[in-house]
Amino acid sequence: MKKELLIAFGIYILCVTLLRFLWHLSIVLTLCYLFLSIFVLYRWYTKSNLVFYFIAFVLGPAGEVVAVHGGAWEYSKPFYLIPVWLPFVWGIAALVMKKLSEILITKG
């Protein structure tokens, strides 16, 4: 249980750290998030997690496209209104949050 909690938090910290240092290198950041996506989908593979990942992969960026198009904010290096890496980080973030909540619920 503790190991999975550390892995989930580690993935979160890695995502934020990669973003902090590689945001200006979109292709490199996209590849990092692609490999991290493969890792989390392999590590936590279930049909439910796969569906959860892809729902976040599509709906998270879709909402951001609407917000950016509406003028709420903008990205400095967008592909089409949003960065190309954004769907991957949405998918990873969704799985990390799901995993963390599952760990904390079963621990309590």
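The values are calculated or read from the model by the stated rules, or taken from the named source; none is laboratory data. The structure displayed is predicted, hence computed values, not measured ones. All Cβ positions, glycine included, derive from the backbone under ideal geometry; neighbour counts span all protein chains shown.
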Quiz prompt | Boolean, L41 is buried (at least 18 other Cβ atoms within 10 Å of the Cβ), among the aliphatic types (A, V, I, L, M) and closer than 20 Å to F9 by Cβ | solution = no
Practice problem: With the condition kept exactly as written, say whether any residue in segment 98-107 is in contact with a Phe, Trp or Tyr (Cβ under 7 Å, 6 or more places away or on another chain) and surrounded by 13 or more Cβ atoms within 10 Å (Cβ to Cβ). | Solution: yes
Exercise. Among the residues of segment 77-97, write down those that are farther than 23 Å from L50 by Cβ and either of a type outside the set (D, E, K, R) or touching a Phe, Trp or Tyr at 6+ places or on another chain (Cβ under 7 Å) (or both).
Key: P78, F79, Y80, L81, P83
Exercise. Would you point out which residue out of V28, V66, V89 is in contact with a Cys (Cβ under 9 Å, 6 or more places away or on another chain), in a helix (DSSP H, G or I) and β-branched (V, I, T)?
Key: V89
Self-check item: Members of segment 1-12 found to be among the hydrophobic types (A, V, I, L, M, F, W, C) and either touching a strand residue (DSSP E or B) at 6+ places or on another chain (Cβ under 8 Å) or under 17 Å from W90 (Cβ atoms) (or both), listed by number
Solution: A8, I11
Practice problem: Scan segment 48-61 and give yes if some residue there is farther than 30 Å from K2 by Cβ and among the aromatic types (F, W, Y), otherwise no. | Solution: no
Exercise. Looking only at segment 19-39, decide whether some residue is of a type in the set (A, V, I, L, M), closer than 11 Å to L95 by Cα and modelled with pLDDT of 95 or more.
Key: no
Self-check item: Residue list for segment 1-59, filter: hydroxyl-bearing (S, T, Y) and in contact with a Lys or Arg (Cβ under 6 Å, 6 or more places away or on another chain)
Solution: S26
Exercise. Determine if segment 81-94 includes at least one residue that is in contact (Cβ under 8 Å) with a residue 60 or more places away in the chain and either β-branched (V, I, T) or surrounded by fewer than 11 Cβ atoms within 10 Å (Cβ to Cβ) (or both).
Key: yes
